[in-house]
1. Return the residues of the stretch 243-265 that are within 15 Å of ligand 1 (Cβ to nearest atom) and within 19 Å of the chain's Cα centre (by Cα); say none if nothing qualifies.
2. Any chance the stretch 4-13 includes a residue that's part of a helix (DSSP H, G or I), among the basic types (Lys, Arg) and within 30 Å of Leu231 (Cβ to Cβ)?
3. Out of the stretch 206-218, which residues are part of a helix (DSSP H, G or I) and surrounded by fewer than 22 Cβ atoms within 10 Å (Cβ to Cβ)?
4. Please go through the stretch 56-66 and pick out each residue that is part of a loop (DSSP other than H, G, I, E, B) and either modelled with pLDDT of 95 or more or under 21 Å from the mean Cα position of the chain (by Cα) (or both).
5. Quick check, is Ala230 part of a helix (DSSP H, G or I), closer than 19 Å to Lys65 by Cα and within 15 Å of the chain's Cα centre (by Cα)?
6. How many residues does the stretch 154-191 contain that are assigned to a helix (DSSP H, G or I), more than 19 Å from Ala51 (Cβ to Cβ) and either touching an Asp or Glu at 6+ places or on another chain (Cβ under 9 Å) or within 11 Å of ligand 1 (Cβ to nearest atom) (or both)?
Amino acid sequence: MCASNSQQRLFLQPFWDYILDKFDDRVGSPFFPVLLAFSGYVLFSFPFAVADLLGKRCHFFYQYKIQKEKHPTKMMMCMCIWKAVSNHLVYVFPVVTVIWFCMPPPPLPATAPSVCTLLGEVFGCLLLFDFQYFVWHILHHKNHWLYKKVHAIHHKYIAPFSWSSQNLGGYELMTVGFWSSTNPIMLGCHPLTAWVCNLLSIWMSVNDHIGYDLPWSLSHILPFGLYGGALAHDLHHQKPETNFAPFFGHWDLIFGTSSFEDYRT
Ligand SMILES: [Zn+2]
Ligand SMILES: [Zn+2]
C-alpha cells in the first residue's frame, strides 16, 4: 500500500533540508542545472570511453558492442568533448546569464516533494520531452534543408560512442536545452524534480550513444520496444529513417518508424 503524501515527503525532507542549508546559494543559481548536466555528461560518458579505448581487452563490454568493426579514436573523442565545451561556452552560458538577469529565479521552496510526486513529475517531463524531440527529429530528417543545416552534424558518426551524445550544433543544443529547462516549469514541478529529470535525460541520452547493447538495459527489461536505448539509437545512426524518439518507443511504434521488429528478429 502506498504511504501517504506527507509520509513520503518526510522521506525526502531531510535531504532537501540539507541541500537548502548547505548549498542554497549555489543550487538556487540557474547555472546549477547547466553544471549538473555537463558533469553528468562527463561522468556517464567516461566509463564507456575507457571501454572503447580498451576494445577487445575489455571483454566484459566488448562482447556487447553493436558495431564491432568500428572504434572511436582518441581524436574523435576529443573533438566531441571540445564541441560540448564550446557549445556551453558560446551558447548555453551566455543565454542562461541573460535569462538570469532578466528573470531571476524564485527562491527554493522549504518543503520537499513526496516520492510519488517526484516520480510522477519526472516521468511526465520525460514523456513530454520524448514527444517534442520525436516531432523535431522527424522534421529535421524529412526536410533536406533542415537536416543539412541543423541535424547533420549529429550524424557525423555512423557508429555512435558515449561522448558523441552532445555532438550537436548550437541550434539543436539550444532547442533541447529549452525544452529540458522549461518543461518542468510548464508542468509546475518541484526544483528537485527538474534536477533529477535533467540528470536522468543526460544519462538516457549518453546511454543511447554508448554503442553497447547491454543485457541489463531497460530496452531488454521493458517489452515490445517500449524503451529504445542504445541498440535502437545505434540503428538510427546506421539507418536514419527509423527510431526517431530519443527515449521511449511508443511514438515510433504508432507512426511505423520503429525498427523494433528488425532488431529483435
Ligand atoms: Zn544520436
Ligand atoms: Zn537523427
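The values are calculated or read from the model by the stated rules, or taken from the named source; none is laboratory data. Note that this is a predicted model, so its numbers are computed, not measured. In this analysis, Cβ positions are derived from the backbone assuming ideal geometry, glycine residues included, and neighbour counts consider all displayed protein chains.
1. Asn243, Phe244, Ala245, Pro246, Phe247, Asp252
2. No: the stretch 4-13 contains no residue that is part of a helix (DSSP H, G or I), among the basic types (Lys, Arg) and within 30 Å of Leu231 (Cβ to Cβ).
3. Leu218
4. Here is the first cut: in the stretch 56-66, the ones part of a loop (DSSP other than H, G, I, E, B) are 58, 63-64, 66.
Within the stretch 56-66, Gln63, Tyr64, Ile66 meet the criteria.
5. Criteria met by Ala230.
6. To start, the set of residues in the stretch 154-191 that are assigned to a helix (DSSP H, G or I) comprises 154-156, 162-166, 170-186, 191.
Imposing the further condition that a residue be more than 19 Å from Ala51 (Cβ to Cβ) reduces the set to 154-156, 170-186, 191.
Those left that are additionally either touching an Asp or Glu at 6+ places or on another chain (Cβ under 9 Å) or within 11 Å of ligand 1 (Cβ to nearest atom) (or both): 154-156, 172, 184.
Total meeting the criteria: 5.
Here's the yes/no breakdown for (1) surrounded by fewer than 18 Cβ atoms within 10 Å (Cβ to Cβ); (2) of a type in the set (A, V, I, L, M); (3) modelled with pLDDT under 95; (4) under 20 Å from the mean Cα position of the chain (by Cα):
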site: Cys2; (1), (2), (3), (4): yes, no, yes, no
site: Ser6; (1), (2), (3), (4): yes, no, yes, no
site: Phe31; (1), (2), (3), (4): yes, no, yes, yes
site: Leu54; (1), (2), (3), (4): yes, yes, no, no
site: Met79; (1), (2), (3), (4): yes, yes, no, yes
site: Tyr91; (1), (2), (3), (4): yes, no, yes, yes
